[in-house]
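A short reminder: the numbers here are calculations on the coordinates, not readings from a lab. A quick note: this is a predicted structure, and the numbers were derived from the prediction, not measured. Here the Cβ positions follow ideal geometry from the backbone for every residue, glycine too, while neighbour counts run over all protein chains shown.
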Amino acid sequence: MRLGVFYSDFRGGSDVLSRLTAEKLGIILVGNGVYHATVKENGSASPILNSKADFYVLTEDLETRGFTVDKLPGNVKPVTYDDIVDLIFNDYDKVIWL
């Protein structure tokens, strides 16, 4: 199964992510979830980014919070709403929201 996960929370939920298994896992950071791609705590990146997954961040939500795509880690791809539609229809069989 190819699973896409919309992740919108900055606190909590990472325990659920660590238990997900899929042939292909994509984590789409939206809303406050974009902070996982931008904010470092105690000098370290979010532990969520250590998961074996493809990471995406919604650029509109990123820019709304005052961040730019040039500050993203190399393993996080910026996407638009149109890109997310393509991901849902072409890359992932199932989609969930956390």
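Values computed for the structure shown
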{"item": "Loop GluC sites (Glu not before Pro), segment 1-78 (other Cβ atoms within 10 Å of the site Cβ: 13 or fewer; DSSP)", "result": "E23"}
{"item": "Within segment 59-92: backbone nitrogen closer than 19 Å to the R2 label point (7 Å, Cα to C-beta)", "result": "76-92"}
{"item": "Correct option for Rg/Rh (Cα atoms, Kirkwood Rh) [calculated from the coordinates] among (i) 1.09; (ii) 0.99; (iii) 0.93", "result": "(iii)"}
{"item": "Computed lengthening from F10 to V69, 0.36 nm per intervening residue step minus Cα-Cα distance", "result": "19.4 nm"}
{"item": "Range in the chain, longest, excluding exposed trypsin sites (Lys or Arg not before Pro) [loop by DSSP; at most 10 other beta-carbon atoms within 10 Å]", "result": "53-98"}
{"item": "Pairs of lysine residues in segment 2-97 - Cα separation under 15 Å, sequence separation of 8 or more or cross-chain", "result": "4"}
{"item": "Vicinal HN-Hα couplings computed from phi for segment 55-68 (Karplus, 6.51 cos²θ - 1.76 cosθ + 1.60; Hz; Gly/Pro x)", "result": "10, 9, 9, 6, 4, 4, 5, 4, 5, 4, 8, x, 9, 10"}
{"item": "The chain: calculated mean residue ellipticity at 222 nm from DSSP helix runs of at least 4, using -39500 (n - 2.57)", "result": "-4500 deg cm²/dmol"}
{"item": "Antiparallel %, DSSP beta bridges [both residues in segment 2-97], to 5", "result": "5 percent"}
{"item": "Relative contact order (%) - criterion: Cα under 8 Å, at least six apart; region: the chain", "result": "37 percent"}
